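A short worksheet on the structure shown next.
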């Protein structure tokens, strides 16, 4: 600070204040004959010089302390304190002042950090994603839920880099500028699984360009929206898929009550068909319920470590008898030392049960079903391969659609519901993985699922 530096005028005043009493004492000694004029002049000059040098250094120390105190008063509480001034001749009392300034600043900073930690802990317990934005659009703070959505490195970034949605940007600008006190609207955020939110943006009191200007709260509507969509899909799909077996059963019941009432042979044949159609409806309902449950939690990534190879071994034991009926050995080739994946073991069992069971159903008799597990970069790849009639290329992109069948008659004859691969797709999506399908006369049909390695 320039006003605290020693200036020629201040130095002249300091020297004058030192020289005046010295000159009076020496003049008295000369008048009393105790000291010659020459000696008095030399002695006075020496005394003034020594005292002046000492006084200048002491004054510099004092001005350094004043400048240090001024700097501390202008810093925001959260900023790092500058190093204390280097004092040369200041007495202990002045040095104690500097230490008290430092300690007071440290205590204030500790209190502020404790308050910020308490506020952050409170924000982290909220179920909604909370983001606090400055007047320059930069993110100042986010709670645990927001970091789970947008990453742990969002502090200090422009809101446009974290939430790529124009409605959010417009709402932040409008509230930060004071045009609106609050806004609310629904929005969708893209990703491996699309998510639906109700967004609330509110201007903070005393907002300014340098501090917190607005708060964003995102209430997750994904489960609600999925439930609504699932209800609609469930009604449409069930009414379509159950119509045929129900019509068959109703027709046979009417026949058994009428023309075939006393025909034992027809009765046994009709009852057998009715039993088959009832079992088909039971499988369909079971798969629909399973799919609905998976979709309901698809946006929630599982976190339990799972050994994929152990999971597949469990499925193989379940299907050994089925494979033996067609003389199809289940061969495995697992890479050793693979890390676990984060997953839901029950759902992963369902994935590989569907894939291996399909490989047995649609594979040629007396040909092997091969299951391989490999690490590919940061992913674990598990592939199920069978030998059978290849699937035409135009069908591959649609195989995971609900109720899509390459051959309807064959699928129904083999007991398929048309939902198995849809279930696989949604479980893999929940695990933030991917599904690849390839088919050809040479390599056979290969279903490969990729999961992020833990």
Of all DSSP beta bridges in region 308-403, antiparallel share, percent nearest 5: 60
Mind sorting 445, 367 by how few other Cβ atoms lie within 10 Å of their own Cβ, fewest first? 367, 445
Quick check on the exposure proxy: order 362, 404 from fewest to most C-beta atoms within 10 angstrom. 404, 362
Among region 372-409, those whose backbone N falls under 16 Å of a label point 7 Å along Cα→Cβ from residue 186 are none
Coarse-grained scattering of region 126-220 at q = 0.18, 0.21, 0.26 Å⁻¹, given as base-10 log I(q)/I(0) from a Debye sum over alpha-carbon atoms: -0.73, -1.01, -1.55
Once both label points are put 7 Å beyond Cα along the C-beta direction, the residue 314-residue 160 separation in nm becomes 4.9
Under the Debye formula (equal points on every Cα, no solvent term), log10 I(q)/I(0) of region 307-358 at q = 0.25 Å⁻¹: -1.01
Per the Kirkwood formula on distinct C-alpha pairs, the Rh of region 321-407 is how many angstrom? 14.7
Can you sort 36, 192 by how many other beta carbons sit within 10 Å, fewest first? 36, 192
Take region 158-302, compute every pairwise Cα distance, and split them into 5 Å bins from 0; I just need the percent in each bin. 2, 8, 12, 12, 9, 8, 8, 7, 6, 5, 5, 5, 4, 3, 3, 2, 1, 0, 0
Each label sits 7 Å from Cα toward the beta-carbon; between residue 198 and residue 57 the label points are separated, in nm, by 7.3
How would you order 250-260, 291-301 from highest to lowest mean count of nearby Cβ atoms within 10 Å? 291-301, 250-260
Given Cα positions, please report Rg to Rh for region 223-300, the hydrodynamic radius being the Kirkwood one. 1.21
Give me P(r) over region 301-454, computed from all C-alpha to C-alpha distances, binned every 10 Å, as integer percentages. 11, 43, 37, 10, 0
Gain in span if fully extended, residue 25 to residue 334, counting 0.36 nm per residue against the direct Cα distance: 100.9 nm
If each of residue 278 and residue 144 carries a label point 7 Å out from its Cα toward its Cβ, how far apart are those two points in nm? 5.1
Additional length obtainable on full extension of the chain from residue 67 to residue 392, 0.36 nm per residue less Cα span: 108.8 nm
Quick one: which of 311-323, 346-358 comes out on top by average Cβ neighbours within 10 Å, and what's the full order, highest first? 346-358, 311-323
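Bear in mind that the values in this text are calculations on the coordinates, not laboratory data. Predicted model only: the values in this text are computed from it and were never measured. Glycine also receives a Cβ, built like all others from the backbone with ideal geometry; neighbour counts cover every protein chain displayed.
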